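Below: one structure, written as structure tokens.
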Amino acid sequence: MMAEKSAEPGTHPPERAAWGVLLANLGTPEAPDRRHVARFLREFLSDPRVVDLPRWLWLPLLNCVIIPLRAARSAAAYRKIWLAEGSPLLVFTQRLTAALKHALPQARAVVAGMRYGQPGIAAALQQLRSAGVERVCVLPLYPQFSGTTTASIYDAVDAALQRMDWQPEVIRINDYYRAPGWINAVAASVVEHRRQHGAAERLIFSLHGIPQRYVRQGDPYQQHCEASVRAIAAAAGLAEDEWILTYQSRVGREPWLQPYTDTTLQALAGQGIQRVQVVCPGFAVDCLETLEEIALQNAELFEASGGERLDYIPALNDSKAHAAALQQVVETALGQAQP
């Protein structure tokens, strides 16, 4: 919690500036149809943080080849996981926002903003401004930092504030992969799943991949992934031979971080491993990459390769443990930012 400053005798304590929280996530299409998915993909894949190829080369390829090929396929994947209330990523992010607001009653406002799609980061910042917030704590929902994710959030925050001609104090949280509350919450979810369903022969920690080239250029993402997974495994009491770290969601032909989740599952099935469990601690809430890619696609791949069963361990989503962990992250950041 933020420490109160003592006042001089005979004076009143200085009034603390009103503060609020922006929970920022990747974003999602507004509907699981080709038109909305194409619009989302265009915004997402046009970000030079995500794809750093020269614009003159990449944008025509994106608009004329990639989006026409991927939009319908991605829309079909979204339809498999779409909830009655909407996209899982948006629904769970909004629920988590409400849970964090409940955990932070002293905040003037806690709002959600999407880097791509709606509700956007600019709209979220406008909500905070309208609420009278003077200190904005920005919490990207990416435990591990990467230029492709966290840095892109701050690109959008800075651009929006400039357009708004608003200059609040901005407290930037770059990562929280070392936060004890978060590590313990993920570990507890693994332990509880194993208590209810039994331990599988292997536990896979599957994190979103990025090109190896980005890591060579200085992106700390791989280091953060490895450190966080080791900490979670230790907190869950897992032996070294019980778990494996892998990377998912690669696209294109250049090498991404390895080992790949899908090829690892195929290899395990080929070795006679019959049952695996997969947890994805890089995703704060469940989304296309967890519910469709892991729980459906990769489960089918594992079984087709000779495995018997893949169980997906859900993300922390809007659980009390998740809200409490993020509460600690925010309060720590605010405390460190105190003058």
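Calculated accessible area for the chain comes out at 46 Å² per residue, all protein chains present (probe 1.4 Å; ligands, DNA, RNA ignored). Taking only the alpha carbons of the range 98-159, we obtain Rg and Dmax values of 12.0, 32 Å in that order. Normalised by 2.2 N^0.38 Å, where N is the number of residues, the C-alpha radius of gyration of the range 113-254 stands at 1.27.
Taking the inverse of the average 1/r across all pairs of different Cα atoms in the range 239-321, what Kirkwood radius in Å do you get?
About 13.5 Å, per the Kirkwood formula over Cα pairs.
Give me the percent of Cα-Cα pairs in the chain that sit more than 37 Å apart, rounded to a whole number. Tail of the P(r) past 37 Å holds 19 percent of the pairs. Specify whether the C-alpha gyration tensor of the range 51-135 places it in the rounded, prolate or oblate class, a ≥ b ≥ c being the square roots of the eigenvalues: rounded for a/c under 1.5, otherwise prolate if a/b is larger than b/c and oblate if not. Taking the square roots of the gyration eigenvalues as a ≥ b ≥ c, the range 51-135 is oblate. The mean sequence separation of alpha-carbon pairs under 8 Å and at least six residues apart, normalised by the residue count of the chain, gives a relative contact order of 22 percent. Remark: the range 151-225 projects, on average over all directions, an area of 8.0 nm² (convex hull of Cα atoms). Carbon-plus-sulfur fraction of the accessible area of the chain, 1.4 Å probe, in percent? Roughly 52 percent, rounded to a whole number.
Using a 10 Å Cβ count of at most 10 others and DSSP loop calls, identify the longest part of the chain lacking such trypsin sites (Lys or Arg not before Pro).
Maximal segment without exposed cleavage sites: 6-252.
Under the classification rounded if a/c is under 1.5, otherwise prolate if a/b is larger than b/c and oblate if not, where does the range 192-339 fall, given a ≥ b ≥ c as square roots of the Cα gyration tensor eigenvalues? Cα axes put the range 192-339 in the oblate bin. Beta-bridge orientation, the chain: approximately 5 percent antiparallel, per DSSP, counting only bridges with both partners inside. The residues neighbouring Arg70, those whose beta-carbon lies less than 11 Å from its own, together hold a net charge of +3 under the Lys/Arg +1, Asp/Glu -1 convention.
For a test of the definition: using alpha carbon positions, the gyration tensor, and the 1.5 limit on a/c, classify the range 134-178 as rounded, prolate or oblate.
Values: a/c = 3.96, a/b = 1.67, b/c = 2.38.
Taking the square roots of the gyration eigenvalues as a ≥ b ≥ c, the range 134-178 is oblate.
The values are calculated or read from the model by the stated rules, or taken from the named source; none is laboratory data. These figures come from a predicted structure and were not determined experimentally. Note: ideal-geometry Cβ built from the backbone for every residue, glycine included; neighbour counts use all protein chains shown. Note: accessible area is taken over every heavy atom of the protein model, side chains too, but ligands, DNA and RNA are not part of it. Shrake-Rupley method; radii C 1.70, N 1.55, O 1.52, S 1.80 Å.
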